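Novice: Sharing a structure with you now.
The values are calculated or read from the model by the stated rules, or taken from the named source; none is laboratory data. In this text the structure is predicted, and so the values were computed from the model without any measurement. Cβ coordinates were reconstructed from backbone atoms using ideal geometry, including for glycine residues, and neighbour counts include every protein chain displayed.
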Amino acid sequence: MAASTNILETIGNTPMVEVRSFDTGPCRLFLKLENQNPGGSIKDRPALSMVEAAERSGAIGPGGTLIEATAGNTGIGLALVARQKGYRLLLVIPDKMSQEKIFNLQAMGAEIRLTRSDVTRGHPEYYQDLASRLADETANSFFVNQFGNPANPLAHEQGTGPEIWEQMDHKVDAVVCGVGSGGTITGIGRFLARQAPHVEMILADPLGSVLADQVNTGTPGPLGSWLVEGIGEDFIPEVSDLSLVSKAYKVADAEAFAAARKLLVDEGILAGSSSGTLLAGALAFCREQGDEKNVVTLVCDSGNKYLSKMYNDYWMLDQGFLERESHGDLRDLIARPHADRASVTTSPDDTLAAALSRMKLYDISQLPVLADDNVVGIIDESDILWAIHRRHGAFTDHVASAMSVSPETVEATSDIDTLMTIFRRDLTAIVVDGDAYLGVITRIDLLNWLRRQDPQPAS
């Protein structure tokens, strides 16, 4: 058995698998599983390539600091490389990134600087401009700059592209990629332009990004907003060569998330949100073809970084990507309906310690107290705090000893104005049908519901 001597040696040579459960028209669709890289994404490849290029050029020395602007996965790849090579790593990350990515980076020893995701180039808080400025201010540092570093596409020109060509036995007609930095589509495109000029390079781009229109019309499109992470841009990245791309597809968030979720259920592949965009774009391309073609796209990263977002039904409901039965009353505003066994509650006989543990587990500050599905009280952090403050050892006391016995309830048939009256008194609305508990409505639940009523909410 030939064992690797370092985790960095396991980057690349990822598997290829054919999709079987989707309608691919006359085509065959294959997925290259870049989520199988040690850092969990395709970005391990350019991370290693860019650091090693900096080492060869003398741009980074022993004990130096790597600084980068990243949507998360490049940061994880750099954290993997930096730790193995003995560098400090400082990452500037837009604040829309998933918590799983941030926790992953921090666990790997990276230093994180969160910045705004709602600003564009030229703003002092724009993540790339901020990273560049930090590099100027930090001694013995190297700004990795994946968006302008030629070693980024080179990783795919020398690695990913040749791997696809060999795994497909030289029988590939189109490759579908996204653009974050542009390294993947450019590197693979350059290799295939030399090796097999007939192969089409296709862009799958989030709706709201400017890149699809640039490919299809020669002019960047209007900038919007999107929730898919890691791909789509408000500018043309320096390292990207979009002249290699023959066609682009715009993919809405809802379509991307649905494709990724179906991929998990039907194919057993836990893919990230950008992979959903690529899959949806690849399917659109496949279904438009008149003849059989072999089409390849990428599972760019693992879905384990998105469990709190697109794989969370409640997040999907809050964002309006899943629909639930409409009742035409306040039940439509309840994020966690009790009828679905989704609500978090306690009972009068639970201990205060158990109630507090439940609050911490679900990151909430109050619990309805139910007896036989009827509301008999409510308990919040303040109630528990005062009970413990008054008597040492009160954690073993029953909830009934500390709860408020006159909770603010509202009938499901009440109107929004009734909710607002409750919220103005800094209370949480407990929704009931007679004596039966239905669920809780918070201010954020109301805001989410109001946003879903707006066909074009503000970005």
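Novice: Cβ contacts < 8 Å: first residue within 14 Å of ALA135 (Cα to Cα), restricted to the stretch 50-68; second residue at pLDDT below 95 and surrounded by fewer than 15 Cβ atoms within 10 Å (Cβ to Cβ), any location; separation 6+ or different chain. Result?
Specialist: These pairs meet every condition: GLY64/ASN140; THR65/ASN140.
Novice: Now for a different question. Under 7 Å by Cβ, and 6 or more places apart or on different chains, what pairs join a residue from the stretch 360-383 that is not assigned by TED's automatic domain parsing to the domain that holds ALA429 and of a type in the set (D, E, K, R) with one that is assigned to a helix (DSSP H, G or I) and surrounded by fewer than 17 Cβ atoms within 10 Å (Cβ to Cβ)?
Specialist: Between residues of the stretch 360-383 that are not assigned by TED's automatic domain parsing to the domain that holds ALA429 and of a type in the set (D, E, K, R) and residues that are assigned to a helix (DSSP H, G or I) and surrounded by fewer than 17 Cβ atoms within 10 Å (Cβ to Cβ), there is no close pair.
Novice: Run GLU34 past the list (1) under 17 Å from the mean Cα position of the chain (by Cα); (2) of a type outside the set (Lys, Arg); (3) in the same structural domain as GLU157 (by TED's automatic domain parsing); (4) on the phi > 0 side of the Ramachandran plot and report the number of the one that doesn't hold.
Specialist: Here GLU34 clears every test but (4).
Novice: Is it the case that the stretch 47-66 has a residue that's assigned to a loop (DSSP other than H, G, I, E, B), within 18 Å of VAL144 (Cβ to Cβ) and touching a Ser or Thr at 6+ places or on another chain (Cβ under 9 Å)?
Specialist: Scanning the stretch 47-66 turns up at least one residue that is assigned to a loop (DSSP other than H, G, I, E, B), within 18 Å of VAL144 (Cβ to Cβ) and touching a Ser or Thr at 6+ places or on another chain (Cβ under 9 Å).
Novice: Output the residues belonging to the stretch 87-138 that are among the hydrophobic types (A, V, I, L, M, F, W, C), exposed (fewer than 13 other Cβ atoms within 10 Å of the Cβ) and at pLDDT 90 or above.
Specialist: Across the stretch 87-138, the qualifying residue is only ALA107.
Novice: If we keep just the residues of the stretch 139-168 that are among the aliphatic types (A, V, I, L, M) and closer than 14 Å to LEU90 by Cβ, which is modelled with the lowest pLDDT?
Specialist: Among them, the one singled out is ALA139.
Novice: Out of everything in the stretch 132-158 that is closer than 15 Å to SER181 by Cα, hydrophobic (A, V, I, L, M, F, W, C) and assigned to a helix (DSSP H, G or I), what residue ends up being nearest to the chain's Cα centre (by Cα)?
Specialist: ALA155
Novice: Given the structure, is ASP318 acidic (Asp, Glu), surrounded by fewer than 23 Cβ atoms within 10 Å (Cβ to Cβ), at pLDDT below 90 and out of contact with any Leu (no Cβ under 8 Å at 6 or more places or on another chain)?
Specialist: Against the criterion (acidic (Asp, Glu), surrounded by fewer than 23 Cβ atoms within 10 Å (Cβ to Cβ), at pLDDT below 90 and out of contact with any Leu (no Cβ under 8 Å at 6 or more places or on another chain)), ASP318 qualifies.
Novice: Could you please give the count of residues in the stretch 67-81 that are small (Gly, Ala, Ser) and assigned to a helix (DSSP H, G or I)?
Specialist: Summing the residues that are small (Gly, Ala, Ser) and assigned to a helix (DSSP H, G or I) in the stretch 67-81 gives 3.
Novice: Something else: Please state which of the following conditions THR418 fails to meet, knowing it meets all the rest: (1) more than 16 Å from THR345 (Cα to Cα); (2) touching an Asp or Glu at 6+ places or on another chain (Cβ under 7 Å); (3) polar (S, T, N, Q).
Specialist: (2)
Novice: For the stretch 248-355, list the helices (runs of 4 or more DSSP H) that sit wholly inside it and hold at least 1 residues that are assigned by TED's automatic domain parsing to the domain that holds LEU192; which are they?
Specialist: Fully inside the stretch 248-355 and qualifying: 253-267, 273-288.
Novice: Looking only at strands (runs of 3 or more DSSP E) that fall completely inside the stretch 391-459, which ones have 1 or more residues that are aliphatic (A, V, I, L, M), out of contact with any helix residue (DSSP H, G or I) (no Cβ under 7 Å at 6 or more places or on another chain) and under 30 Å from SER225 (Cβ atoms)?
Specialist: Per the criteria, 436-441.
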